[in-house]
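Structure record follows, encoded as structure tokens.
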Amino acid sequence: MHAFAPVLLVLSALIIFGLGALHLLLTFRGDKLHPRDTQLETRMKEVTPILTRETTMWKTWVGFNASHSCGMLFFGMVYGYLAIFRSEVIFLDPFLLYAGLLLLLGYVFLGKRYWFSVPFRSILVATALYIAALTAN
């Protein structure tokens, strides 16, 4: 394993962790993830999804954003930890390596299709660093 491989993986994990932390903060603080149309937000707080009447579209919006953030934080913590303290484990385990890559590629797809340029480009950089770590391994 090349000495740079763990560093590249840590950098990738830090980007994803940072995005997750910022997204979690924006989910619960301020109005950056609120619709510009205040009437839409009001309706989201009143309307229930077809699946159940036990929640509202607003609560599901907040919950999905928070759980998405938690997934990114988890990836960043686990892969960052493994790269720093257990690099021999992660770089010798194809399942862990490719599971991480698949998650990042999934984020790339979602970012391109549904999000805006800042998270998309950040995830592209994180994915490129991750792939560089794999090839340096």
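Here are a few things to note about the model shown:
- For segment 14-95, the helices (runs of 4 or more DSSP H) that sit wholly inside it and include 3 or more residues that are within 24 Å of G106 (Cβ to Cβ) are 57-85, 87-91.
- Here I123 meets the list (1) touching a Gly at 6+ places or on another chain (Cβ under 7 Å); (2) surrounded by fewer than 11 Cβ atoms within 10 Å (Cβ to Cβ); (3) among the β-branched types (V, I, T) almost entirely, failing just condition (2).
- Selection count, segment 74-96, where residues are open to solvent by less than 30 Å² (accessible area, probe 1.4 Å), hydrophobic (A, V, I, L, M, F, W, C) and under 27 Å from L26 (Cβ atoms): 2
- So V108, is it loosely packed, with under 13 Cβ neighbours inside 10 Å, in a helix (DSSP H, G or I) and touching a helix residue (DSSP H, G or I) at 6+ places or on another chain (Cβ under 9 Å): no
Conditions tested, residue by residue: (1) of a type in the set (V, I, T); (2) over 26 Å from I123 (Cβ atoms); (3) surrounded by 14 or more Cβ atoms within 10 Å (Cβ to Cβ).
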| site | (1), (2), (3) |
| --- | --- |
| I16 | yes, no, yes |
| H23 | no, no, yes |
| D31 | no, no, no |
| D37 | no, yes, no |
| E46 | no, yes, no |
| T56 | yes, yes, yes |
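- Tally of residues being touching a helix residue (DSSP H, G or I) at 6+ places or on another chain (Cβ under 7 Å), more than 21 Å from L96 (Cβ to Cβ) and among the hydroxyl-bearing types (S, T, Y) across segment 6-47: 1
The values are calculated or read from the model by the stated rules, or taken from the named source; none is laboratory data. For clarity, every value in this text was computed on a predicted model and none was experimentally measured. For neighbour counting, all protein chains shown are included, and Cβ atoms are generated from backbone atoms with ideal geometry for every residue, glycine included. With ligands, DNA and RNA removed, areas are computed over all heavy atoms of the protein, side chains included. Shrake-Rupley method; radii C 1.70, N 1.55, O 1.52, S 1.80 Å.
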